[in-house]
1. Of (1) part of a strand (DSSP E or B); (2) in contact (Cβ under 8 Å) with a residue 24 or more places away in the chain; (3) exposed (fewer than 12 other Cβ atoms within 10 Å of the Cβ), residue 79 satisfies all except one. Which?
2. Within the range 35-51, how many residues turn out to be surrounded by 20 or more Cβ atoms within 10 Å (Cβ to Cβ) and at negative phi?
3. Among (1) aromatic (Phe, Trp, Tyr); (2) in contact (Cβ under 8 Å) with a residue 24 or more places away in the chain; (3) farther than 25 Å from residue 130 by Cα, where does residue 18 come up short?
4. Can you tell which of 13, 8 is surrounded by fewer than 18 Cβ atoms within 10 Å (Cβ to Cβ), closer than 16 Å to residue 125 by Cα and aliphatic (A, V, I, L, M)?
5. Taking the options 90, 142, 127, 97, name whichever one is within 11 Å of the chain's Cα centre (by Cα) and not hydroxyl-bearing (Ser, Thr, Tyr).
Amino acid sequence: MGTYVAKAADLAASNKKWYLIDAKGKTLGRLSTEVAKILMGKHKPEYTPNQDMGDFVIVINADKVVLTGNKVNEKLYRHHTGYPGGLKEVTYKDMVVRHPILPVEEAVRGMLPKNALGRQMFRKLKVYAGAEHEHQAQKPEVYEI
């Protein structure tokens, strides 16, 4: 038995595929787990945890993603301004109005590694609120969830 070790040629950007995922009517968490798997490369047999083996993902219709239960009103997004008493909270309902792509991005970011490799993987995610995207030249293949 041998251990597979990814080579530089396997990690080249030319070997990366582009996937197109339509988020319309999909549950936020279930969509995010699939997107995170693709970004990390866990869908490939040659997956290596310490390398960026993943592919590029384009998510369209991010503003039409669905949340179950009463999360639309109760889910909170928190951030701190850096000043004393600067904790800001925004509900999902308000966040979708202001920044329709942010809930999808934050859900996927939370499922990636919290280090430099995770940030590199996150850069391969392209999220769009509508059905139009600017990556036609990459010939993305449709990925069904």
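The values are calculated or read from the model by the stated rules, or taken from the named source; none is laboratory data. Everything numeric here is computed off the predicted structure, so don't read it as measured data. With ideal geometry, Cβ positions are generated from the backbone for all residues, glycine too; neighbour counts draw on all protein chains shown.
1. Failing condition for residue 79: (2).
2. Taking the range 35-51 as the starting set, the residues that turn out to be surrounded by 20 or more Cβ atoms within 10 Å (Cβ to Cβ) are 35-36, 38-41.
Subset that is at negative phi: 35-36, 38-40.
The qualifying residues number 5.
3. (3)
4. Details: 8 fails: closer than 16 Å to residue 125 by Cα.
Only one candidate passes the filter, namely 13.
5. Numbers: 90 fails: within 11 Å of the chain's Cα centre (by Cα); 142 fails: within 11 Å of the chain's Cα centre (by Cα); 97 fails: within 11 Å of the chain's Cα centre (by Cα).
After applying the criteria, what remains is 127.
Per-residue answers, yes or no, for (1) touching a helix residue (DSSP H, G or I) at 6+ places or on another chain (Cβ under 9 Å); (2) farther than 22 Å from residue 138 by Cβ; (3) at pLDDT below 95:
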site: 35; (1), (2), (3): yes, no, no
site: 38; (1), (2), (3): no, no, no
site: 55; (1), (2), (3): yes, no, no
site: 58; (1), (2), (3): yes, no, no
site: 70; (1), (2), (3): no, yes, no
site: 76; (1), (2), (3): yes, yes, no
site: 87; (1), (2), (3): no, yes, no
site: 95; (1), (2), (3): yes, yes, no
site: 114; (1), (2), (3): no, yes, no
